[in-house]
1. Among all the aspartates and glutamates, which ones have a C-alpha under 15 Å from Lys252's C-alpha, if same-chain residues fewer than 8 places away are not counted?
2. May I ask you to order 275-282, 122-129 by the average number of other C-beta atoms within 10 Å around their residues, highest value first?
3. Amide H of Asp25 versus every other amide H placed in the peptide plane: which residues, excluding those fewer than 5 positions away on the same chain, fall under 5 Å?
4. Match the structure shown to one of the listed values (1) 20.6, 74; (2) 19.1, 68; (3) 19.6, 75 of Rg and Dmax of the Cα atoms in Å, computed from it, and give that label.
5. Please list, or write none, the aspartates and glutamates whose alpha carbon is within less than 19 Å of the alpha carbon of Lys134, excluding same-chain residues fewer than 8 places away.
6. Using only the alpha-carbon atoms, how far is helix 2-24 inclined from the longest principal axis of the chain? Give it as 0 to 90 degrees, nearest 10.
7. Fewest to most neighbouring Cβ within 10 Å: what's the order for Leu112, Leu131, Leu329?
8. For Lys196, which aspartates and glutamates qualify as cross-link partners when the Cα separation must be under 13 Å and same-chain residues fewer than eight apart are set aside?
Amino acid sequence: MGMSMFLIALILIALIFEFINGFHDTANVVATPIATRSLSPYQAIIIAAIFNFIGAYFSTGVAKTITSGLFDAQFVTHSLIAAALISAIGWNLITWWLGIPSSSSHALIGSLIGGVIVGNGGWEAIKWSGLFQKVVLPMLLSPIAAFFVALTIMVIMSLLLRKNTNPRKTNNFIRELQVLSSSLLAFSHGSNDSQKTMAVITLALFSFGVVSSTSVIPGWVIIVCAIAMAGGTLAGGMRIIKTLSSRLAKLKPANGFSAEISSGALILAASHFGLPVSTTQAASGSIMGAGYNGRGINWNVVRSMVTAWFLTLPITALISAGVYKLILLVSI
């Protein structure tokens with residue numbers, strides 16, 4: 001009975017993380033249509049919630065990467081999962097309060113790695129090549145790729161609109177297109193970010209012997225994670241939305257459309273290949289690329305974001321390790 005209650009508690013904590021992920025990362029999806037006045041904040045959030053939910057059913061490749069591609073799952077215990085979730089939730093809440101667009105994905109991955117290292121697994125339990133290829137390398141390359149893809153799209157659009165004689169009519173048309181492009185970004189966000197929590201719940205089920213393998217994600221896990229993310233998205237995240245929609249770069253409808261197409265396409269590609277990329281980094285890189293042509297980037301905000309990106313993995317690993325040790329002391 002005690003074991004089953006602890007498993008239920010772990011699943012609930014994981015869903016709380018997913019809910020927080022929803023409102024923490026909502027800004028990635030809705031910042032650009034809000035900045036360009038294509039959608040009101042509440043319209044954008046509702047659309048994001050709907051397509052986040054749909055996107056959660058796109059694939060489970062990212063979840064499988066986390067459950068089996070980064071560390072040896074046999075060393076993952078329920079206490080370790082609890083420590084990792086507490087660490088990731090704490091970091092997400094801190095960065096949300098400060099209005100810094102950090103990565104929920106890297107917070108969770110860093111927390112799991114920290115717990116595995118100080119647990120029975122040790123350093124050798126980490127699959128370092130998989131961690132580098134599927135987490136660290138995409139972390140470095142995804143914002144750069146997003147920047148240049150968005151910049152390229154923006155240059156093409158600028159050339160196409162160079163002889164435009166009716167800017168107001170054109171901007172209104174692009175705003176309508178932004179409803180579609182922001183929906184694409186929301187779909188891609190759901191397809192990638194929701195899978196991290198699916199992986200954690202599957203690891204919890206595995207640690208209690210409920211499932212025999214971490215390579216198959218149960219159908220009900222997909223459903224509850226999709227609902228939790230959609231609910232969190234509806235709760236909004238106006239602090240980070242303000243940072244991305246008005247402080248990072250000055251955006252017009254064409255800039256917003258370019259940023260959304262760029263980040264949405266890159267995240268979908270990452271989901272297809274099972275790469276747990278950061279939606280935050282892809283969206284931020286795209287916004288910078290789309291806004292660069294107008295020389296409107298706020299580099300002070302960029303520096304604070306990049307600092308948070310690089311600190312997330314090591315800090316959450318340390319926090320998780322400390323929480324795990326504390327849980328072991330309390331349970332003695």
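1. List returned: Glu176, Glu260.
2. For the peptides 275-282, 122-129, the packing ranking is 275-282, 122-129.
3. When sequence neighbours closer than 5 places are left aside, there are no close amide H contacts.
4. (3)
5. Output for Lys134: Asp72, Glu124, Asp193.
6. Orientation of helix 2-24: about 10 degrees from the principal axis.
7. Placing the least packed residue first, the sequence is Leu329, Leu131, Leu112.
8. Glu18
Bear in mind that the values in this text are calculations on the coordinates, not laboratory data. Nothing here was measured: the structure is a model prediction, and the numbers come from that model. Cβ: placed from backbone, ideal geometry, glycine included. Neighbour counts: every protein chain shown.
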